[in-house]
Amino acid sequence: MRPLLYVLEGLSVQNGKGCVKEIIKGGDIMPRKSPNTFTVENDVIYINRDGWQGLAMATYREDYADEVCNATWRLDNNEYPISSKLGTLHSYMAKKWYGEDKYNEMKEQGFIVEHMNNHHLDSRITNLTFLLKRYNTAKGQSLDIDMREMRQRLAVTMYRDFNTGCYQISIGCNDLISTKTPDGEEVPIHGIWLLYLPETDYRLVIADAQNILTEYETSGMFNLGRGRHCKIRLEAAQFFQLSKDEINADCIQRNGETYLIGRPGRIWIHALAMQEGWLPDHE
């Protein structure tokens, strides 16, 4: 059984398995103290440290979890988590998942490990891919800015499913956005997911994300028919009649389910999760 919780503050033990290396001095067992705290939840390792503005994240895997949780992590000048022993967290993750040889080959060709959502603390493997440095720089001056500035209206996020090799774009509709059925019925949409073939170049995914945001910002609509994706999933928005007690509530309960109430400028979708294991239809 994998450990569910890592905490590196003095003593730390969970599920009978400690994450703190013990140092023996004169027969006494002394726990190694660390400035970091570690939590594992839903296959993600969360790393924290006093003074950080958020949690660093890495995909959990049993073969390297102890190594990550026994390292000391700080932020470098570019706000990337880094360890004197393991290097930057995103490079470490790329090496573990793609292999040292592939990582070194891509680096020699001028590629860098790209954070697709531009969140330097997010080193989950679904957020990492390879991109030539000049395209990474261009993305940082265009798409990354537009995604951040438009997020409260249209939350566009890119992913790569490592197991399928497919890129995805998810679109969280914070504005009231609708589509029409073939019979003309207008349907409000909560979320949209776009799937790409494994051989699709990441630069084309970037271009599609940019086109969606640019079209919506300039015309108030976007046409998915011009994208390079091979499949689309839509999720309809849900509307509820609120009671007096629920008028100012942030969330409500219906049939045992909890629903967050979207409120412009106050509560909005930051990102919709990737559709894990989603495969193209090759028929």
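Figures for the structure shown
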quantity	calculated
Set Glu9, Glu105: member being at pLDDT below 95 and surrounded by 11 or more Cβ atoms within 10 Å (Cβ to Cβ)	Glu9
Residues (more than 16 Å from Arg153 (Cα to Cα), surrounded by 16 or more Cβ atoms within 10 Å (Cβ to Cβ), touching a strand residue (DSSP E or B) at 6+ places or on another chain (Cβ under 7 Å) and touching a residue at least 40 places away in the same chain (Cβ under 8 Å)) located in region 198-214	Tyr202, Val205
Selection status of Ala94, without any contact (Cβ under 8 Å) to a residue 60 or more places away in the chain, under 19 Å from Leu204 (Cβ atoms) and surrounded by 13 or more Cβ atoms within 10 Å (Cβ to Cβ)	no
Residues of region 126-160 classified as in a helix (DSSP H, G or I), of a type in the set (Ser, Thr, Tyr) and crowded, with 18+ Cβ neighbours inside 10 Å, total	1
Boolean, Arg233 is of a type in the set (Lys, Arg), modelled with pLDDT of 95 or more and more than 27 Å from Leu260 (Cβ to Cβ)	no
Flag for Tyr80 being within 14 Å of Asp122 (Cβ to Cβ) and surrounded by 16 or more Cβ atoms within 10 Å (Cβ to Cβ)	yes
Pairs where the first residue, in region 262-277, is farther than 14 Å from Trp193 by Cα and the second is in a loop (DSSP other than H, G, I, E, B) and β-branched (Val, Ile, Thr), C-beta under 7 Å, 6+ apart	Ile267/Ile261
Selection within region 102-137 - in contact with a strand residue (DSSP E or B) (Cβ under 9 Å, 6 or more places away or on another chain) and among the hydroxyl-bearing types (Ser, Thr, Tyr)	Tyr103, Ser123, Thr126, Thr129, Tyr135
Residue in region 225-238 that is over 16 Å from Leu272 (Cβ atoms), in a helix (DSSP H, G or I) and in contact (Cβ under 8 Å) with a residue 60 or more places away in the chain present	no
Single residue of Gly172, Gly165, Gly110, Gly140 found to be closer than 18 Å to Met93 by Cα and of a type in the set (Gly, Ala, Ser)	Gly165
Condition broken by Asn248, with the remaining ones in (1) modelled with pLDDT of 95 or more; (2) part of a loop (DSSP other than H, G, I, E, B); (3) more than 21 Å from the chain's Cα centre (by Cα); (4) among the polar types (S, T, N, Q) satisfied	(1)
Every residue from region 51-86 that is more than 19 Å from Trp97 (Cα to Cα), in contact with a Lys or Arg (Cβ under 9 Å, 6 or more places away or on another chain) and either in a strand (DSSP E or B) or of a type in the set (Asp, Glu) (or both)	Arg74, Leu75
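Matching residues to (1) on the phi > 0 side of the Ramachandran plot; (2) polar (S, T, N, Q); (3) at pLDDT 95 or above:
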{"site": "Arg74", "(1), (2), (3)": "no, no, yes"}
{"site": "Asn78", "(1), (2), (3)": "no, yes, no"}
{"site": "Leu89", "(1), (2), (3)": "no, no, yes"}
{"site": "Ala94", "(1), (2), (3)": "no, no, yes"}
{"site": "Gly110", "(1), (2), (3)": "yes, no, yes"}
{"site": "Asn118", "(1), (2), (3)": "yes, yes, yes"}
{"site": "Leu132", "(1), (2), (3)": "no, no, yes"}
{"site": "Ile145", "(1), (2), (3)": "no, no, yes"}
{"site": "Ala155", "(1), (2), (3)": "no, no, yes"}
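The values are calculated or read from the model by the stated rules, or taken from the named source; none is laboratory data. Predicted model, so just to flag it, every value in this text is computed and none were measured. Neighbour counts run over all protein chains shown; Cβ positions are idealised from the backbone, glycine included.
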